[in-house]
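A short write-up of the structure that comes next.
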Amino acid sequence: DIRQNTNLHPLAQLTLVGKSMMSAVVRNAAVAGVAVAGQGIGRIFEPFTAEVAGIVKDFMFTIIGSTIGIAFVLFYVLPFLPFIYFLFAVSGWIKSIFEAIVAMPLWALSHIKIDGEGIPGQDASNGYFLLFEIFIRPILIVIGLLAGISIFAALVIVLNTVFDLLIVNFGG
């Protein structure tokens with residue numbers, strides 16, 4: 001039982017649920033394919049068999065259509081989400097590095113103006129903020145990745161714990 005195996009990471013548990021659903025989708029597609037073939041053969045020999053095979057085919061395609069989206073998201077998309085968020089965060093950081101490289105000459109020029117508020121002046125303070133952001137963002141990306149995975153795992157553990165209680169309450 002996937003839900004009773006608490007030694008696995010919750011992300012791996014949900015991925016296993018998606019894998020079992022994807023296996024069921026493939027199995028149901030095979031049954032629907034046999035039903036389509038049975039419907040074609042039944043039209044030749046026995047009309048009642050064709051009608052039963054058509055009902056089975058329609059039912060199996062309904063089941064396939066309702067489960068394939070959830071199975072695809074759980075089995076293929078969910079394991080890649082932390083990597084995708086991390087990749088976009090890192091690419092945004094690299095973009096800010098290029099932005100700083102382009103803005104460096106303007107930042108140097110902004111140091112020339114001295115208004116009596118210190119050497120950098122008010123105009124140069126945005127360059128310091130950009131430099132601070134470039135240095136602090138990688139640390140925050142890693143902390144965000146670890147915090148996101150930890151919070152997601154905690155939420156799935158709570159969902160797994162409360163699920164039986166919810167089913168009993170809804171079922172009466």
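The values are calculated or read from the model by the stated rules, or taken from the named source; none is laboratory data. Everything quoted here is computed from the prediction, not taken from an experiment. Every residue, glycine as well, gets a Cβ built from its backbone with ideal geometry; the counts of neighbours run over all protein chains shown. Side chains are part of the model used for accessible areas, which takes the heavy atoms of the whole protein and leaves out ligands, DNA and RNA. Shrake-Rupley method; radii C 1.70, N 1.55, O 1.52, S 1.80 Å.
Data for the structure
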| read-out | value |
| --- | --- |
| Derived scalar couplings ³J(HN,Hα) [region 56-67; Karplus, 6.51 cos²θ - 1.76 cosθ + 1.60; whole Hz; x for Gly, Pro] | 4, 4, 4, 5, 5, 5, 5, 5, 4, x, 7, 9 |
| Longest exposed-site-free window of the chain, the sites being trypsin sites (Lys or Arg not before Pro) in a DSSP loop that have at most 16 other C-beta atoms within 10 Å | 4-112 |
| J(HN,Hα) series, region 43-54, from Karplus relation 6.51 cos²θ - 1.76 cosθ + 1.60, nearest Hz, glycine and proline x | 5, 6, 9, 9, x, 5, 5, 5, 5, 5, 5, x |
| Sites Val73 and Ile134 - FRET efficiency at Förster radius 35 Å, r taken between beta-carbons, to 0.05 | 0.50 |
| Inter-label distance for Ala153 and Leu109, nm, one decimal - labels placed 7 Å from Cα along Cα-to-Cβ | 5.1 |
| Solvent-accessible surface ranking, highest first, for Leu106, Leu81 at 1.4 angstrom | Leu106, Leu81 |
| Listed values (i) 59, 23, 12; (ii) 27, 16, 14; (iii) 54, 18, 15, entry calculated as semi-axes √(5λ) of the Cα gyration tensor in Å | (i) |
| Inter-probe distance in nm under a simple model that places probes 7 Å from Cα toward Cβ, at Ser66 and Lys95 | 4.1 |
| Separation of the Asp123 and Ile84 label points, Cα + 7 Å toward Cβ, nm | 4.4 |
| Heavy-atom SASA rank of Ile112, Ile167 (probe 1.4 Å, accessible area, largest first) | Ile112, Ile167 |
| Ranking by accessible area, most exposed first, for Thr6, Thr67 with a 1.4 Å probe | Thr6, Thr67 |
| The chain, dipole about Cα centre (Lys/Arg Cβ +1, Asp/Glu Cβ -1), debye to the nearest 20 | 440 |
